[in-house]
Amino acid sequence: MKKPFKRILYGGDYNPNQWPREVWEEDMRMFRDAGINSATINVFSWAKIQPSEEQYDFRELDEIVEMLEKENYDIVMATSTAALPAWLVKRYPVVARTDYEGRHHKFGQRHNACPNSPVYQKYAAALVEKLAERYGKTGKVSCWHVNNEYGGECYCENCEKAFRVWLRKKYHTIEELNKAWNLEFWGHTIYDWDEIVLPNALSEGIGEDKTAFAGISIDYRRFNSDSILENFKMERDIIRKYDPDTPITTNLMGTYKGLDYFKWGKEMDIVSWDNYPSYDTPWSGTAMCHDLMRGLKNEPFMLMEQTPSQQNWQPYNSLKKPGQMRAQSYQTMAHGADTIQFFQLRRSVGACEKFHGAVIAHAGTENTRVFREVAQLGHELEQLGDTILGSMPDSRIGVIFDWDNYWALEYTSGPNKDLMYVDQIHQYYRSLYKKNYSVDMIPTDGDFSKYQVIVAPVLYMVKEGVAEALEAFVKAGGTLITTFMSGIVGQSDNVYLGGYPGPLRSMAGVWVEEIDALAPEQENTVRFQDGTTGTCRLLCDLMHTEGAEVIAEYTSNFYAGLPVVTKNSYGKGTVYYVGANLDEASLDRVMEQAVQGAGVAPVIGEKTDLEVAVRENDTTKFYFIMNFQGEDLALPELFAGSVDLLTGEKLESGRIMKPYDVAVVEIEK
């Protein structure tokens, strides 16, 4: 099992440069009381470190590093390249971004650098070189943190030229590009590479989320993700010249749409991410994001940021209730995190994040509810030591998540504007989460052989090789669950002719003739073969069986009597096709039938509304038992008599777990 750290890193973003020296000493005292052992520093210090083009000043950063080293901290050293200094934009305006509307930006905000600007790359590389040379060989850094929350787009002339180069490498000839983008439509045929323009509001864009030509817009998404990734790789490679061993990461953002994180995961030593659910985010949604981040490398990940109390940038920034932060932290660990880190350690005095929560609030004292909860968690993590580090869930169910599908599905014009990729994935994940099935989030080019069930909702874009890989999986005995809006287009968003679901049609055993779109106030009714009834909304496939068994059929609208859910034997395996957006109970019925039929068992056999997740190593299973239900629930009998690793207490039969209660139990295999 991989263990990049010797202990659970517990700390977060720390900006002592924003405070006078006397505050630093007080911080160290309070952090010591809270069990904090790590700090992420230097995230936005470019302007401080490099006050002018020729001048660098590391004196203050040296003092911060020395102070943290004295306190035996694990230092997460950031590279400061996430926000440009004012002098750089003033002297070289070309480094700033041009937005979707075609406006070239001035100095301000963050994520404000054009990723294809040679000038930005030159000065960012020089800064990272200085940092890596100064701190890379000292042994004081436990992890390198490149940039910060990469994201955004640029539509400047630099990017337009770079996009043309990227397209030449991809398509080789103008003829292939015209074919891929279907440019005969509307007479958009091009004859020279320099006729290609970026798809923004001045060209093919129809608002930032729609486009006249999906082919070019999807390729721009791919290009932008690749361009920003090249900046990460540039910094990573510079660090590696001076520090061959220390893990290098950058903090990702869950289901963030802009970057293809599966591509990014291949370039990172360890994945880290920032978890900021809103007041109404379901716990299943947060769990899914953790599993997605773990799935990028199929390894333990870092929680780089969460707030100990409240956010500041969402519409409704509710406080976390007593016990909620602790329970949320253990859910993070249950799904594969080896660190728990906060933004931020001390609350900022001004600017847009001054109301973002922190370990030390504006009151500047440890006599707060939030500090006491942070300290409790810190001491519990000290008790855990390195016990769970490197352990992983062992899942037999894989849920496909694919950024190409994310982009393509939401660019498509029709059939229903309310069709959202992440929402669809989450519905199927939630059905499994409620029953405590262990799930991996997997890419379309992943290894399917370790799974008994693969779930592929709205697999709209079936790229080269994907249908063949799924067919091989099913033929070998696997169970595939797929849905409406699957098998529609290839990698350039051109439709597979011959009937939906295109390359999935043969193994699904169905032919979809039409797709009906329902407005929000509309619904249809369905009936399962045993007489159970349900409803469906959003989209409805009008389909015919081609060998598949009918599991449920429509009972309303002009297509009453047509199948809505089918099951087809294919080779040694089975394919379930769900032809509409079913209500939650109906979807649960289908998922339970499919998963049980595949012989997959949940984490524990006993039914419970508690979340129970498990990580394991070669000898031991670590069970995390968590109550997110808002009511008292009984501890499953499986754990009666076991010792809670967090408290050292023996768990009694019939024990009641209150809301946000957590227990961690180890059981030998």
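Looking only at region 203-254, residues that are out of contact with any Phe, Trp or Tyr (no Cβ under 8 Å at 6 or more places or on another chain) and in a loop (DSSP other than H, G, I, E, B) come to 5 in all.
Kindly provide the set of residues from region 575-618 that are assigned to a loop (DSSP other than H, G, I, E, B) and either farther than 23 Å from Glu631 by Cα or in contact with a Ser or Thr (Cβ under 6 Å, 6 or more places away or on another chain) (or both), ordered by number. Result: Gly579, Asp583, Ala598, Gly599, Val600, Ala601, Val603, Asn617, Asp618. Within the option set Gln383, Gln376, Gln331, being among the polar types (S, T, N, Q), within 16 Å of Asn37 (Cβ to Cβ) and in contact with a helix residue (DSSP H, G or I) (Cβ under 9 Å, 6 or more places away or on another chain) holds for one residue only, Gln376.
Does region 572-587 contain any residue that is out of contact with any strand residue (DSSP E or B) (no Cβ under 8 Å at 6 or more places or on another chain), assigned by TED's automatic domain parsing to the domain that holds Glu549, modelled with pLDDT of 95 or more and not acidic (Asp, Glu)? Within region 572-587, one or more residues are out of contact with any strand residue (DSSP E or B) (no Cβ under 8 Å at 6 or more places or on another chain), assigned by TED's automatic domain parsing to the domain that holds Glu549, modelled with pLDDT of 95 or more and not acidic (Asp, Glu).
Could you list all residues from region 634-657 that are more than 17 Å from Arg326 (Cβ to Cβ) and in a strand (DSSP E or B)?
So in region 634-657, the residues more than 17 Å from Arg326 (Cβ to Cβ) come out as 634-643, 650-656.
Correct list: Ala634, Val643, Lys650, Ile656.
Condition check ((1) β-branched (Val, Ile, Thr); (2) touching a residue at least 60 places away in the same chain (Cβ under 8 Å); (3) not assigned by TED's automatic domain parsing to the domain that holds Leu292) across all residues:
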position: Asp404; (1), (2), (3): no, yes, yes
position: Thr412; (1), (2), (3): yes, yes, yes
position: Lys417; (1), (2), (3): no, no, yes
position: Tyr433; (1), (2), (3): no, yes, yes
position: Asn436; (1), (2), (3): no, yes, yes
position: Val439; (1), (2), (3): yes, yes, yes
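Of all residues in region 464-487, those that are farther than 16 Å from Tyr576 by Cβ and in contact with a Pro (Cβ under 7 Å, 6 or more places away or on another chain) total 1. Each residue in region 93-119 was checked for being at pLDDT 95 or above, under 28 Å from Trp144 (Cα atoms) and either in contact with a Gly (Cβ under 6 Å, 6 or more places away or on another chain) or not hydrophobic (A, V, I, L, M, F, W, C) (or both), and 5 pass. For the residues Tyr220, Tyr242, the requirement of being crowded, with 21+ Cβ neighbours inside 10 Å, among the hydroxyl-bearing types (Ser, Thr, Tyr) and farther than 20 Å from Lys6 by Cα singles out Tyr220.
The values are calculated or read from the model by the stated rules, or taken from the named source; none is laboratory data. Predicted, not measured: the structure shown is a model, and the values here were computed from it. Cβ sites come from the backbone with ideal geometry, for glycine too, and all protein chains shown count toward neighbours.
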